[in-house]
Each structure stands twice: as C-alpha cells, then as structure tokens.
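Report on the structure given below.
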Amino acid sequence: MTSIVLIDDHKLFREGIKRILEFEKEFDVVAEGNDGSEAVDLIEAHSPDIVIMDINMPDMNGVEATRKLIEKYEDLRVIILSIHDDESYVTHALKSGALGYMLKEMDTDELVNAIKIVSDGGSYVHPKVTHNLIKDYHRLASGGGAEQAANGFQRVEYRKPLHLLTRRECEVLQLMTDGKSNRGISEVLFISEKTVKNHVSNILQKMNVNDRTQAVVTAIKNGWVEVE
C-alpha cells in the first residue's frame, strides 16, 4: 500500500484527484492540505510514501515546500502538479528534489502510472513537458551554430535503432519524443492504448532505462529520433 498526501489549494481539483486514487487498491490517501506550510505539518504527522503537490499555492508554494521537505526527509517522494509546461517551472521543481512533474491536463492513466513509477523509485515527467525541455536543450546547444560549423561540428545523423527495437517500437519512441501521451500515440498509430503501453514497456526494457524521460533523452543523444 502506497500512502499519499495531497496538497492543493483548489478543493474541487483535490477532491477529484482523491476520488481517482481511491479506485486504486494499492493507493491510500492519508491526508489533504491547502498549501506548502500545511504540507510540512501533514508529512510530519503521517510519514507518507508520496506527496502530490500543486506548484502555485498561497503562503508557501510547492517548490519551496518540496525543498524544505526533502531537506528533512531525504526519502520522501514528491510529484509536482502544475498548469505550466515551460522549462523554468520544471527546472525549479526538479532542482528542489521533486521526482515527478505532472500537468493538470493529464488523464487518469498518466496520473496513476506516474505515481507507480515514482513509488518504485523512478522519476516521471509529463511527455509534453519532456518535449519542451528537449526543445529548449537543443535550442541552447545550437545557439552557437555558426561557430560550431566553423569548428567542424555536425549534427548527429538521424538513424533508427532497428538493431535494438522493432519498426513499430521506433515509431512509438518517436511519438514519445514528440510529447505524445499513450492516448495520443494510440490515435496516431490506430492501435489500442493497451498495445501502446506494451510497446512502451518493451522499449524501456530493451533500452535498459527506468522511465519515458530517460528513454527519450537516450534516443536523442544517440540520434535515433528527430527533434523539431
């Protein structure tokens, strides 16, 4: 059983998350709070496995609260919830010690999957956020394009990892890089979400990585996918 504390100043949204998690037998929501200050007290009282925390809250925001909590409870696993998908918010959240960053536009399966991954010791960043981070990374890396060209640097040639993955898995990996969720991938490839989940699981196993974010970063570093 994974014990969870929910922290969000929007009660209706918080109640919606709680109801979703109550359908999962392995999750137990042990407490709820409205802001970062309250989170500190609740974690001390309940010692949860996972904290799901909004990033924008009065008194103490999610990033500040996460930083304080991780300093005191090193093994605490925090997942940040946010409406923001730009790089600055994500970077601050991850630097504070959060192991997950989810957008509030997520679907139920994504939320449950993220909690399970973080609970097992992994990390999870919403696919759309991952895509934005990668685009920003490439923008910074190519900032000195003219200078790089003068020094003989060339972009890695695009090549699919057919030595490692099947053609369909390569397609799924590319769509993961594009920021597509499992549902989005299923709609593009006209396959079921269950089939997509199986492909993603196979990709992670074959690439020897723990989560989607690591798979995408590894694929980009090896030139296995195209990034706009």
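Among the residues of segment 122-130, not a single one is small (Gly, Ala, Ser), outside the structural domain of residue 197 (by the TED database) and not in a loop (DSSP other than H, G, I, E, B).
Residues in segment 200-228 that are out of contact with any helix residue (DSSP H, G or I) (no Cβ under 9 Å at 6 or more places or on another chain) and in a helix (DSSP H, G or I): 201, 205, 221.
Taking first residues from segment 71-87 that are under 15 Å from residue 57 (Cβ atoms) and partners that are open to solvent by less than 70 Å² (accessible area, probe 1.4 Å) and assigned to a loop (DSSP other than H, G, I, E, B), the Cβ contacts under 6 Å between residues at least 6 apart in sequence or on separate chains come to 78/98; 80/55; 80/98; 81/104; 82/55; 83/104.
Just wondering, is there one or more residues in segment 152-163 that are surrounded by fewer than 19 Cβ atoms within 10 Å (Cβ to Cβ), at pLDDT 85 or above and either within 26 Å of residue 206 (Cβ to Cβ) or touching a Pro at 6+ places or on another chain (Cβ under 9 Å) (or both)? Checked segment 152-163: no residue is surrounded by fewer than 19 Cβ atoms within 10 Å (Cβ to Cβ), at pLDDT 85 or above and either within 26 Å of residue 206 (Cβ to Cβ) or touching a Pro at 6+ places or on another chain (Cβ under 9 Å) (or both).
Could you tell me which residue of segment 27-46 is nearest to residue 81 (Cα to Cα), considering only residues that are touching a strand residue (DSSP E or B) at 6+ places or on another chain (Cβ under 6 Å) and open to solvent by 20 Å² or more (accessible area, probe 1.4 Å)? Top of the filtered list is 32.
Name the pairs whose Cβ atoms lie under 9 Å apart, with the first residue in segment 88-100 and free of Cβ contacts under 8 Å to residues at least 40 places away in the same chain and on the phi < 0 side of the Ramachandran plot, the second among the aromatic types (Phe, Trp, Tyr) and not in a loop (DSSP other than H, G, I, E, B), and 6 or more positions between them or separate chains? What qualifies is 89/101; 93/101; 94/101; 99/124; 100/124.
Is it the case that residue 17 is modelled with pLDDT under 95 and open to solvent by less than 20 Å² (accessible area, probe 1.4 Å)? Here the answer is yes, as residue 17 does meet what is asked. When segment 68-82 is filtered for residues that are closer than 12 Å to residue 50 by Cβ and open to solvent by 100 Å² or more (accessible area, probe 1.4 Å), only 75 remains. Restricting attention to segment 89-118 and to residues that are over 21 Å from residue 67 (Cβ atoms) and of a type in the set (D, E, K, R), the residue that is most open to solvent (accessible area, probe 1.4 Å) turns out to be 105.
Determine whether residue 15 is within 19 Å of residue 107 (Cα to Cα) and of a type outside the set (A, V, I, L, M, F, W, C).
On the way: within 19 Å of residue 107 (Cα to Cα): yes; of a type outside the set (A, V, I, L, M, F, W, C): yes.
Considered against the rule, which asks whether it is within 19 Å of residue 107 (Cα to Cα) and of a type outside the set (A, V, I, L, M, F, W, C), residue 15 comes out as yes.
Do we find a residue being basic (Lys, Arg), farther than 18 Å from residue 112 by Cα and not assigned by the TED database to the domain that holds residue 128 anywhere in segment 178-194? No, segment 178-194 has no match at all. Taking the listed residues 54, 85, 49, the one that is open to solvent by 30 Å² or more (accessible area, probe 1.4 Å), touching a strand residue (DSSP E or B) at 6+ places or on another chain (Cβ under 9 Å), among the charged types (D, E, K, R) and modelled with pLDDT of 90 or more is 49, with no other qualifying. Of all residues in segment 88-101, which are under 13 Å from the mean Cα position of the chain (by Cα) and modelled with pLDDT of 85 or more? Across segment 88-101, the qualifying residues are 93, 98, 99, 100, 101.
The values are calculated or read from the model by the stated rules, or taken from the named source; none is laboratory data. Fair warning: this is a prediction, and the values are worked out from it, not measured in the lab. Cβ sites come from the backbone with ideal geometry, for glycine too, and all protein chains shown count toward neighbours. Ligands, DNA and RNA are stripped out before the accessible areas are found, and what is left, the full protein with its side chains, is counted by its heavy atoms. Shrake-Rupley method; radii C 1.70, N 1.55, O 1.52, S 1.80 Å.
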